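Notes follow once the structure below has been shown.
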Amino acid sequence: GLLHVLDPSGFELPGFPLNIGGANGLDVWGSPAVSDLEGDGDIEIVIGSKNKHLFIVNSDGSVQVDYDAEQFLMGTPALGDIDGDGELEIVFGGYTSSGKLFAVNPDGSNVPGFPYDLGEKIQRGVALTDFNGNGRVDIVCGTDSGHLWLIYDDLTVADGFPFEASGDFRVAPSILDANGEKIIFSGNNDNNFYAISNEGGLRFQVETGDDVNTSPGFIETEYGIGIFFGSDDGFIYGVNLNGDPLPGWPIDLNASVHSSPVFSDLDGDGEVEVITATVAGNLYALRLDGSTYPHFPISGSVPYRGSPAVQDIDGDNDNEILIGSSGGLEIIDIKEQGSTDGYWNMHRGNLSRTGYIELETTTVPGIFSNTINVSGGNTDYDLVFGFSPYATDGYDSGIDLYAPPAPPPPAFDAALFWDNNRYYTQILYGPAQDTVEWDIQLQYPEDNTIILTWDNTGWDTLSTFILQDAFGGLLGIDVDMTVENSLTLTDPMITILKLKVIPGSLSIFNENDLKVPQDYSLFQNYPNPFNPVTQITYSIPQQSYIV
């Protein structure tokens, strides 16, 4: 029941440790959130306790606020502006049968409307970001009732929620903004890891061999955005935005993984490492190709159940890995100069513990692509189409992006349709001079208005781009997309558009996008160990025969 604050050498700062467990010394399960709550230049530490109290603690160890929630506080609090006053409020859940959501001001008063009686146990932390575009954070939380909730700042439940699973949600959810699309991720005690759209629909699920008791983290990889999480089955998983395994993943760590993964470029080589730990007491640093970083794993004497953090805490230009256990705090000094800039390098991704990150999906070299933005109501989708010599005319992992099934009407929806599958991104091989035709499937919002826009700069020098209704323009829609840059639809009977493109030639591929290697490189084969068919990736400085 003690809150410790240490200097980089491991010595306790004046005023600490602070007893926050009460007279009975009850446990502290969550991590502290740290920020300047009022914007006055002073840093506050926010932490809850199993004794039902939330504390706001000043840097000298004095207690600024002691808030009695009258419910067990097991999770990590999150900080965000939920009422638009410019200050950070503290958002957390209670773990009793009458579970409540709390939002508390820096002075200890309740935000109007809170606490909110959810009526379900919330064991872990919440995630925060602005879903409805009003400048105030909204709340995502999971419960022991198997529900994943999205609740707006005004305490209305978002359409399509709660999402329901067959087991308990006993991990804090995480939120990824991928090119403007917010996706909610969470593990569950039904052995599954779920990806949920902001409309409450299932985007994908990954079945593991046991409970998923870690919060996911995110990183950009050469295959696009990677989502990483651990399971009690002893594996750490890495998947893409479609839920497909990244090359070389999952990796068997031979013991349950309760430590949520974090990321850092430990040696400054431009390649990120994944850091996690197991209940068997082993700390791992793994490269994205699945290989182990030198000198790892490091074996401890007690189980690891908390998430690591990576930071240069002593100012020597190399990073340290910090991880707690039942035996104390361990710090591993990495001797190579590395970086944590822009990485999900700590529990919940940041010290405000919001569990939120924005990432741009990276393009694969050699891709010619264009984007049509389709908006309806308060939602919009980017539909990406194009061509690449590295693509097939089917689904390509790391290039294409599936779209989930359309939500029930009158919810707005838009997706590319190709070869009986729905896509947000579909890149084809597309031989030159042949007409390629995608369908755009549409579902209208309540106001029956859909707007399509596109930036057609330079399109007229590359290809022919035509947008028509399903009857070849007979319904009055026949748009030269190199001339026009928008289309407004108000007829809900028009649910299919034809996107017709004739690639001019392979010269449409920008030679600046085709990265020419300067050195010979041979990458890890996939799968490893070898299957009857395996893939080996290499790069060479110039075209030559490979023997």
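Overview of values
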| item | result |
| --- | --- |
| Odd one out for E273 among (1) acidic (D, E); (2) free of Cβ contacts under 8 Å to residues at least 60 places away in the same chain; (3) surrounded by fewer than 22 Cβ atoms within 10 Å (Cβ to Cβ) | (3) |
| Out of F169, F185, F228, sole residue that is among the aromatic types (F, W, Y) and within 22 Å of G290 (Cα to Cα) | F228 |
| Per-region count, segment 115-161, residues in contact with an Asp or Glu (Cβ under 9 Å, 6 or more places away or on another chain), among the aromatic types (F, W, Y) and over 24 Å from D211 (Cβ atoms) | 2 |
| Filter pass, N213 being without any contact (Cβ under 8 Å) to a residue 60 or more places away in the chain, within 20 Å of W149 (Cβ to Cβ) and more than 15 Å from the chain's Cα centre (by Cα) | yes |
| Test: residue in segment 296-305 that is under 26 Å from Y223 (Cβ atoms) and not in a loop (DSSP other than H, G, I, E, B) | no |
| Which listed residue is of a type in the set (A, V, I, L, M), within 21 Å of H347 (Cα to Cα) and in a loop (DSSP other than H, G, I, E, B), from I321, I313, I275, I331 | I313 |
| All positions within segment 401-417 that are in contact with a Leu (Cβ under 8 Å, 6 or more places away or on another chain) and either among the small types (G, A, S) or part of a strand (DSSP E or B) (or both) | L401, A403, D413, A414, A415, L416 |
| Subset of segment 368-400 (residues that are assigned to a loop (DSSP other than H, G, I, E, B) and touching a helix residue (DSSP H, G or I) at 6+ places or on another chain (Cβ under 8 Å)) | P389 |
| Among residues of segment 235-247, those that are in contact with a strand residue (DSSP E or B) (Cβ under 6 Å, 6 or more places away or on another chain) and part of a loop (DSSP other than H, G, I, E, B), counted | 6 |
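This table checks each residue for (1) buried (at least 23 other Cβ atoms within 10 Å of the Cβ); (2) touching a strand residue (DSSP E or B) at 6+ places or on another chain (Cβ under 8 Å); (3) not in a loop (DSSP other than H, G, I, E, B); (4) not small (G, A, S).
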{"residue": "N189", "(1), (2), (3), (4)": "no, no, no, yes"}
{"residue": "Y194", "(1), (2), (3), (4)": "yes, yes, yes, yes"}
{"residue": "G200", "(1), (2), (3), (4)": "no, yes, no, no"}
{"residue": "N213", "(1), (2), (3), (4)": "no, yes, no, yes"}
{"residue": "F218", "(1), (2), (3), (4)": "yes, yes, yes, yes"}
{"residue": "F229", "(1), (2), (3), (4)": "yes, yes, yes, yes"}
{"residue": "A255", "(1), (2), (3), (4)": "no, yes, no, no"}
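Just so you know, all these numbers are worked out from the coordinates, no wet-lab data involved. Computed from a prediction, not measured in an experiment: that's the story for all the values here. Methodologically, a virtual Cβ is constructed for each residue, glycine included, from the backbone with ideal geometry; neighbour enumeration extends over all protein chains shown.
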